[in-house]
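Visitor: The structure follows.
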């Protein structure tokens, strides 16, 4: 049953393909690795794309800021040309000569009018040092903004106003001091049309929805492709979704890039200050404009990964087959080895790795097991044939040395056991012979007792007949009385001998009982040894069947010996009881004979009274006759019991001879053959 269960489990395991397990596990590991790598790659590509975009937006923002700066410089150059025009001279201005003053004003007006026509100004005007209008074309404000005036006074150079709104229009306000003899006399201020700045911002195209705009130091938008946002005074806080860090970096004149979220959409922004102004250029691009490129890159990477995965699976499948086939062969051989197949050869594998070592090791194992089993079979066959001198001839290695030691222990134990059987058989034979001799003596004694009893009966009968004739002759009575006395003394002697014989029989019966107990003990020990031999034979398996038969025969023989000993003990017990009864009757008979002897003496002394006592003697002789009949019956039974004891001792001797014959079949080692 255990073997079938083992075969079932082995078959179940064999149905699980090692090739499939390697493929499944490796594919699963690769898929997990690919998934992790894809996630890492996606995150890395997202991070890398962000870094690349931010890094590329920064120089673009700087370059765009330089472009705006160049346009502002171009406008500034124009303002410098206007301020440096010779007609802007202030000689005579403020004197009493009204004619010179009018000519100067006319010259200023002409310069401003020509500039407005040439350079696309919304308006251009000349202001004094306090910001009051001196001369200007239509639409010029009467005074300068205090902040702008303060900035002109502070820089005393070309200055650009931070705001770009002028009378609900968009424009760039630029101021330039007009100097006379190195001193600032006036400020020429022009408001350029917003087109110059709008062209630059509109030319910055990044992605599908990218845009560029300008903010001042207060965070107010001063330039935007959507002019309405500039007019509405939209702030950087609104455009950046409240990203305070970006606002702080832009308004402090830093150059950099950042990322923020507006309405759930990620934005990439780069910023750079525009030198010579209070502005900063900001380039803002939705990250989604580049997601398609990233997705395409991810798709290409995924396709390449899948292709490599398929190639890897094919390679793994090929490698798994190269591993699983030898392993399958080795596993099949091990399963057949577990099923008892020790003859099928192991398929040779020359892979130069652990598989080759495993197959060679399995082949060596099968060969070693075959060699060990052959040696064990040879030893057990010799034991089954009765040869206990045989020894293992194969060199056992490693843990297999325990098998050799166990075989040696078994042979040693069997030698000792059979030697014990042989000694016990010898003792049993000796005891059987002794018991047979004692039984013969008991039979002879019983026969003698029976004969003596019969003789006593005859004598009593004769005495009885003589008593009948007592009355006829007193002389004959005296003579017969003397004869009776002599016979009684002889009977006393014989009864004493019989009593001694009965005592000897009782002693011999006790010895027979002791011997029977010894035989019973020997039979019990023999049964135990036979049981141990049966257990050892069962451990030896099929090779120990022959020894198991011998052990069973020894066990049966021990049982028979025990039964014979028990029968002998019962017979001896009965014999002892009968002998005891005979002893008691002998004692009673001796007492009666002693009484008869006394009576005979008295008869001799008082022969005259013999006739009167004849009747009493007849009665006494009748009683004696009954007792003698009882003694005779006891003697007959003793004779029969002695015959049964003699027959039993003969059977016991035959059993002892058979036991010795069985034991002599085994060839023992010299060390145990004592």
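The values are calculated or read from the model by the stated rules, or taken from the named source; none is laboratory data. In this text, all values refer to a predicted model and were calculated from it rather than measured experimentally. Cβ: placed from backbone, ideal geometry, glycine included. Neighbour counts: every protein chain shown.
Visitor: Consider residue 266 against the criteria (1) in contact with a strand residue (DSSP E or B) (Cβ under 6 Å, 6 or more places away or on another chain); (2) farther than 25 Å from residue 160 by Cα; (3) part of a strand (DSSP E or B): it satisfies all of them except one. Which criterion is unmet?
Guide: Condition not satisfied by residue 266: (1).
Visitor: Further, regarding this structure: In the list 159, 184, 123, which residue meets the criterion of being touching a strand residue (DSSP E or B) at 6+ places or on another chain (Cβ under 6 Å) and over 19 Å from residue 75 (Cβ atoms)? Let's see the steps before the verdict.
Guide: Working: 159 fails: over 19 Å from residue 75 (Cβ atoms); 123 fails: over 19 Å from residue 75 (Cβ atoms).
On inspection, the qualifying residue turns out to be 184.
Visitor: Tell me which of these residue 94 doesn't satisfy, since it passes every other one: (1) modelled with pLDDT of 75 or more; (2) assigned by TED's automatic domain parsing to the domain that holds residue 266.
Guide: The number of the failed condition is (1).
Visitor: Mind telling me which of the residues 554, 507, 550 ends up being closer than 25 Å to residue 653 by Cα and out of contact with any helix residue (DSSP H, G or I) (no Cβ under 8 Å at 6 or more places or on another chain)?
Guide: Working: 554 fails: out of contact with any helix residue (DSSP H, G or I) (no Cβ under 8 Å at 6 or more places or on another chain); 550 fails: out of contact with any helix residue (DSSP H, G or I) (no Cβ under 8 Å at 6 or more places or on another chain).
Of the residues listed, the single one that is closer than 25 Å to residue 653 by Cα and out of contact with any helix residue (DSSP H, G or I) (no Cβ under 8 Å at 6 or more places or on another chain) is 507.
Visitor: Can we say residue 188 is assigned to a strand (DSSP E or B), within 23 Å of residue 134 (Cβ to Cβ) and either touching a helix residue (DSSP H, G or I) at 6+ places or on another chain (Cβ under 6 Å) or free of Cβ contacts under 8 Å to residues at least 40 places away in the same chain (or both)? Reasoning before the result, please.
Guide: Working: assigned to a strand (DSSP E or B): yes; within 23 Å of residue 134 (Cβ to Cβ): yes; either touching a helix residue (DSSP H, G or I) at 6+ places or on another chain (Cβ under 6 Å) or free of Cβ contacts under 8 Å to residues at least 40 places away in the same chain (or both): yes.
Criteria met by residue 188.
Visitor: Could we say that residue 436 is modelled with pLDDT of 75 or more, assigned by TED's automatic domain parsing to the domain that holds residue 633 and farther than 21 Å from residue 628 by Cβ here? Walk me through how you get there before you give the answer.
Guide: Working: modelled with pLDDT of 75 or more: no; assigned by TED's automatic domain parsing to the domain that holds residue 633: yes; farther than 21 Å from residue 628 by Cβ: yes.
No: the conditions fail for residue 436.
Visitor: Scanning for something farther than 17 Å from residue 69 by Cα, loosely packed, with under 13 Cβ neighbours inside 10 Å, in contact with a helix residue (DSSP H, G or I) (Cβ under 9 Å, 6 or more places away or on another chain) and modelled with pLDDT under 80, does segment 201-217 turn up at least one residue?
Guide: Looking only at segment 201-217, we keep the residues that are farther than 17 Å from residue 69 by Cα, and these are 205-211.
From what is left, the residues that are loosely packed, with under 13 Cβ neighbours inside 10 Å are 205, 208-209.
From what's left, in contact with a helix residue (DSSP H, G or I) (Cβ under 9 Å, 6 or more places away or on another chain): 208-209.
When the remaining residues are screened for being modelled with pLDDT under 80, the result is 208-209.
There is at least one residue in segment 201-217 that is farther than 17 Å from residue 69 by Cα, loosely packed, with under 13 Cβ neighbours inside 10 Å, in contact with a helix residue (DSSP H, G or I) (Cβ under 9 Å, 6 or more places away or on another chain) and modelled with pLDDT under 80.
Visitor: In segment 120-142, is there at least one residue being in contact with a helix residue (DSSP H, G or I) (Cβ under 8 Å, 6 or more places away or on another chain), within 30 Å of residue 285 (Cα to Cα) and assigned by TED's automatic domain parsing to the domain that holds residue 224?
Guide: no
Visitor: Among the numbered criteria (1) closer than 29 Å to residue 142 by Cα; (2) surrounded by 16 or more Cβ atoms within 10 Å (Cβ to Cβ); (3) at pLDDT 85 or above, which one does residue 184 miss?
Guide: So residue 184 meets the others, but not (2).
Visitor: A further question on this structure: How many residues does segment 122-139 hold that are closer than 13 Å to residue 175 by Cα and modelled with pLDDT under 85?
Guide: Number satisfying all stated conditions: 0.
Visitor: Which residue is farthest from residue 140 (Cα to Cα), if the candidates are limited to segment 191-211 and must be in a loop (DSSP other than H, G, I, E, B) and without any contact (Cβ under 8 Å) to a residue 40 or more places away in the chain? Let's see the steps before the verdict.
Guide: Going residue by residue through segment 191-211, those that are in a loop (DSSP other than H, G, I, E, B) are 194, 204-210.
Narrowing further to those that are without any contact (Cβ under 8 Å) to a residue 40 or more places away in the chain: 194, 205.
Working: 194: 16, 205: 35 Å.
So, considering only residues that are in a loop (DSSP other than H, G, I, E, B) and without any contact (Cβ under 8 Å) to a residue 40 or more places away in the chain, the one farthest from residue 140 (Cα to Cα) is 205.
Table: residues versus (1) farther than 30 Å from residue 196 by Cα; (2) at pLDDT below 80; (3) in contact with a strand residue (DSSP E or B) (Cβ under 8 Å, 6 or more places away or on another chain); (4) loosely packed, with under 13 Cβ neighbours inside 10 Å.
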position	(1), (2), (3), (4)
10	yes, yes, no, no
26	yes, yes, no, no
30	yes, yes, no, no
44	yes, yes, no, yes
57	no, yes, yes, no
69	no, no, no, no
77	no, no, no, yes
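Visitor: Pick from segment 119-137 the residues that are within 23 Å of residue 197 (Cα to Cα) and surrounded by fewer than 18 Cβ atoms within 10 Å (Cβ to Cβ): which of them is nearest to the chain's Cα centre (by Cα)?
Guide: Pass one, segment 119-137, residues within 23 Å of residue 197 (Cα to Cα): 119-125, 137.
Then drop every residue that is not surrounded by fewer than 18 Cβ atoms within 10 Å (Cβ to Cβ), which leaves 120, 137.
Numbers: 120: 91, 137: 100 Å.
Checking each candidate, the answer is 120.
Visitor: With out of contact with any strand residue (DSSP E or B) (no Cβ under 7 Å at 6 or more places or on another chain) and either surrounded by fewer than 23 Cβ atoms within 10 Å (Cβ to Cβ) or assigned by TED's automatic domain parsing to the domain that holds residue 120 (or both) as the only criterion, which of 274, 247 stands out? Step through it out loud before you land on a result.
Guide: On the way: 274 fails: out of contact with any strand residue (DSSP E or B) (no Cβ under 7 Å at 6 or more places or on another chain).
Testing whether each residue is out of contact with any strand residue (DSSP E or B) (no Cβ under 7 Å at 6 or more places or on another chain) and either surrounded by fewer than 23 Cβ atoms within 10 Å (Cβ to Cβ) or assigned by TED's automatic domain parsing to the domain that holds residue 120 (or both) leaves just 247.
Visitor: Any idea which of (1) under 30 Å from residue 59 (Cα atoms); (2) not in a strand (DSSP E or B) is the one residue 147 doesn't satisfy?
Guide: Failing condition for residue 147: (1).
Visitor: Looking at 587, 565 in this structure, which one is modelled with pLDDT under 75, assigned by TED's automatic domain parsing to the domain that holds residue 449, surrounded by fewer than 17 Cβ atoms within 10 Å (Cβ to Cβ) and in a helix (DSSP H, G or I)? Let's see the steps before the verdict.
Guide: Details: 565 fails: surrounded by fewer than 17 Cβ atoms within 10 Å (Cβ to Cβ).
Of the residues listed, the single one that is modelled with pLDDT under 75, assigned by TED's automatic domain parsing to the domain that holds residue 449, surrounded by fewer than 17 Cβ atoms within 10 Å (Cβ to Cβ) and in a helix (DSSP H, G or I) is 587.
Visitor: For residue 306, all conditions in the list (1) in contact with a strand residue (DSSP E or B) (Cβ under 9 Å, 6 or more places away or on another chain); (2) outside the structural domain of residue 176 (by TED's automatic domain parsing) hold save one; what is the number of the exception?
Guide: In the conditions (1) in contact with a strand residue (DSSP E or B) (Cβ under 9 Å, 6 or more places away or on another chain); (2) outside the structural domain of residue 176 (by TED's automatic domain parsing), residue 306 misses (1) alone.
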